[in-house]
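S.K.: The structure that follows is given in the form of C-alpha cells.
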Amino acid sequence: MMMDLQSSPLNELLHIGFNQDFTCFACGTETGFRVYSVDPFRLTWKRDFDPPGGIGVIAMLFRTNILAFTGGGSNPRFQPHKVLLWDDRQARSIAELSFRNAVRSVKLRRDLVVVVVDRKVYVYGFRSLSLLDSIETIENRKGLCCLSTGPERTVLVCPGMQQGRALVVFYPRVLGEMTAPVTRERTTIVAAHESCIASMGLDYSGGLLATASDKGTIVRVYDTSSGTRRQELRRGADRAEIHSLVFSPAGDFLAVSSDKGTIHIFSVTPSQHPSNASVFGSELGQGAPSTNAKSSLQKISRVLPAYFSSEWSLAQFRVPDYRCIACFANEPHTIAVVCANGTYYKARFDPVRGGEMERMEFHQFDQASADQTLGGVEDETADPLCQRTGSGPLDLPAAGVGEASTPGNPKSPDTAGTDSGTAPAEGAEAGDDADSNLAAGLQS
C-alpha cells in the first residue's frame, strides 16, 4: 500500500509505501529516501544522494537491502519513466527498466517485479529479469495494482478494461523461475463498482479482494477465485477518497483510510480459504466474535433502501491529516497510521465492543526528525536495510544474468553518484511502453 504525494507535497516527502508484510515503510524524498520500522517505530536508514535528487516512487522488498524506485519531485534523481532496482548494501543500481510513460507504481515479490504505467501492467521475473506478462488496463493514473504475498499462489489484481471492473490473474507458482512469457492459469473479472475503482487491497494469500469506488462510500469484499461478493461495508454517507484498504495478517479485519481523516476497522466474514488463519492465527483469539455495526432498522431492511442494510465499521480512529494510509501493527488489535505531513500514530481497538480507538503512540518522520534521530550523519559502510532489521540480503543472480541492452541503445547500471539518463529505446516495439530488454548490473 502506498501514497503518492508528488502532485501536492506538504514537505520533502514525495512518496510513502509499506513493504509486503507491513513491518517497514519507505519514504521517497526530495534528496533521497528513508526507511522506518513500523512497530516499534524507528528510523532504520536514510540515504541522501550526492548531488541531491528526488525519489518519486519507491518500493521495498520485505526487509532486505533491495529497493525499487523512480525519480520524482522538483529535481528528479532519476528519470520518472525508469525503474531502478537498487542494492543499498552496494549503494548502486543493479538493474534498470525503461518505459515510454511515467511509472505510476512498482510492486515486488521475491520472484517478481511488477511495474504499472498509465494503461499497462508489466510482470517481470526477479531472477531472470525477463518480461513474463503484460496486461492492458483502463487509464490507471493512481497505479492501482495488488500482488499476493503468500507462497501458496501468485495472484495479481489490477483494473480491467472496463470502468469499475477488476481483473484477477492467477499465475503458476514457479512463475519467477521462468524466462519467457507465461500462460496464465486463469483470470477472473470482478464487476466491483459502477464507477471507477479508486482503491483495492488483497489479503496475504490472495483469496480476498477489497475494492472501493471513487465515490468512497462503500467498500466491497470479493472472493478472488469465483469473483463473488462476500461483504458490503459502508464507510459513510458522504463522498470520500479512499487512500488505503489493508487486511489484517489473518484476514479477519480490514482497515480503511480516507480523506476524511478517519481510519475505519471492519470485521471480515471468515473466508472459505483458511490459509491466512493457519499461517498467522486469528486476531480474535478465544473471545467473543467481532461484528460490524448495523442499523437498528435492519430487520425491515428489505423494504428500505440498501443504506439501512449496510454493515458499518466496528472501530474508528481520527487523525488531523486528510492524507494517510494505515496497516495492522505487531501487537494484537493495533494499527499504525502514517500521514503525508510526516506524522505516525499507533492505536488500539477493542475487537468486541469497538468504538473509538485508543491512541498509544505519536511520532514524526519529517526531515527535521530524521536529522535529529541519526544526528545528520550517514554511515555509508553499513549494511543498513538488513543489518538493522535482522533480515538477510536477497539472493540475486550473479553477473551476466540479464545483462542486456536495447537494440542501438546500450546501457550500463547507475552507481550511487551518477544517473545514466538514457531515454527509452527507439527500437522498442511500436505502441509498447516498455523496453524489450533490461540493463542489469552487478558488473565488476
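S.K.: So which residues in segment 1-54 are aliphatic (A, V, I, L, M), under 25 Å from TYR204 (Cα atoms) and either open to solvent by less than 30 Å² (accessible area, probe 1.4 Å) or not in a loop (DSSP other than H, G, I, E, B) (or both), if there are any at all? If you could, list the steps in order and put the result at the bottom.
M.R.: So in segment 1-54, the residues aliphatic (A, V, I, L, M) come out as 1-3, 5, 10, 13-14, 16, 26, 35, 38, 43.
Now restrict to residues that are under 25 Å from TYR204 (Cα atoms): 1-3, 16, 26, 35, 38.
Listed by number, the residues that qualify are MET2, MET3, ILE16, ALA26, VAL35, VAL38.
S.K.: Are any of the residues in segment 41-56 in contact with a strand residue (DSSP E or B) (Cβ under 6 Å, 6 or more places away or on another chain) and closer than 21 Å to ALA347 by Cβ?
M.R.: Looking through segment 41-56, at least one residue is in contact with a strand residue (DSSP E or B) (Cβ under 6 Å, 6 or more places away or on another chain) and closer than 21 Å to ALA347 by Cβ.
S.K.: Then there's this: Within segment 288-330, can you find the residues that are in a loop (DSSP other than H, G, I, E, B), among the β-branched types (Val, Ile, Thr) and at pLDDT below 95? Break it down stepwise before answering.
M.R.: If we filter segment 288-330 for residues that are in a loop (DSSP other than H, G, I, E, B), which is where we start, we get 288-292, 295-297, 304-305, 310, 313-314, 319-323, 329-330.
Okay, now just the ones that are also among the β-branched types (Val, Ile, Thr), so 291, 319.
Matches in segment 288-330: THR291 only.
S.K.: Regarding segment 239-251, can at least one residue be identified that is surrounded by fewer than 17 Cβ atoms within 10 Å (Cβ to Cβ) and under 19 Å from SER310 (Cβ atoms)?
M.R.: Scanning segment 239-251 turns up at least one residue that is surrounded by fewer than 17 Cβ atoms within 10 Å (Cβ to Cβ) and under 19 Å from SER310 (Cβ atoms).
Quick grid of which residues meet (1) among the basic types (Lys, Arg); (2) within 19 Å of the chain's Cα centre (by Cα); (3) farther than 16 Å from VAL115 by Cα:
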residue	(1), (2), (3)
LEU43	no, no, yes
ARG47	yes, no, yes
ALA68	no, yes, no
GLY73	no, no, yes
LYS82	yes, yes, no
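S.K.: Further question on the same structure: Which condition breaks for ALA91 when tested against (1) of a type outside the set (Asp, Glu); (2) touching a Leu at 6+ places or on another chain (Cβ under 8 Å); (3) at pLDDT below 95?
M.R.: Status for ALA91: all satisfied but (2).
S.K.: Now for a different question. So, GLU232, is that one in a strand (DSSP E or B) and of a type in the set (Asp, Glu) or not? Reasoning before the result, please.
M.R.: Values: in a strand (DSSP E or B): yes; of a type in the set (Asp, Glu): yes.
In short, yes.
S.K.: Which of the residues that make up segment 330-342 are open to solvent by less than 10 Å² (accessible area, probe 1.4 Å) and either of a type outside the set (A, V, I, L, M) or within 16 Å of the chain's Cα centre (by Cα) (or both)? Quick ask: steps written out before the conclusion?
M.R.: Step one: filter segment 330-342 for residues open to solvent by less than 10 Å² (accessible area, probe 1.4 Å), giving 334-340, 342.
Scanning segment 330-342 gives THR334, ALA336, VAL337, VAL338, CYS339, ALA340, GLY342.
S.K.: Next question, about the same structure. Quick one: would you say LEU374 is modelled with pLDDT under 95, under 30 Å from ASP87 (Cα atoms) and surrounded by fewer than 20 Cβ atoms within 10 Å (Cβ to Cβ)?
M.R.: Values: modelled with pLDDT under 95: yes; under 30 Å from ASP87 (Cα atoms): yes; surrounded by fewer than 20 Cβ atoms within 10 Å (Cβ to Cβ): yes.
Yes: the conditions hold for LEU374.
The values are calculated or read from the model by the stated rules, or taken from the named source; none is laboratory data. All of these numbers come straight from a predicted model, not from anything done at the bench. So basically every Cβ, Gly included, is an ideal-geometry build from the backbone, and we count neighbours across all protein chains shown. Heavy atoms of the whole protein, side chains included, go into the accessibility calculation; ligands, DNA and RNA do not. Shrake-Rupley method; radii C 1.70, N 1.55, O 1.52, S 1.80 Å.
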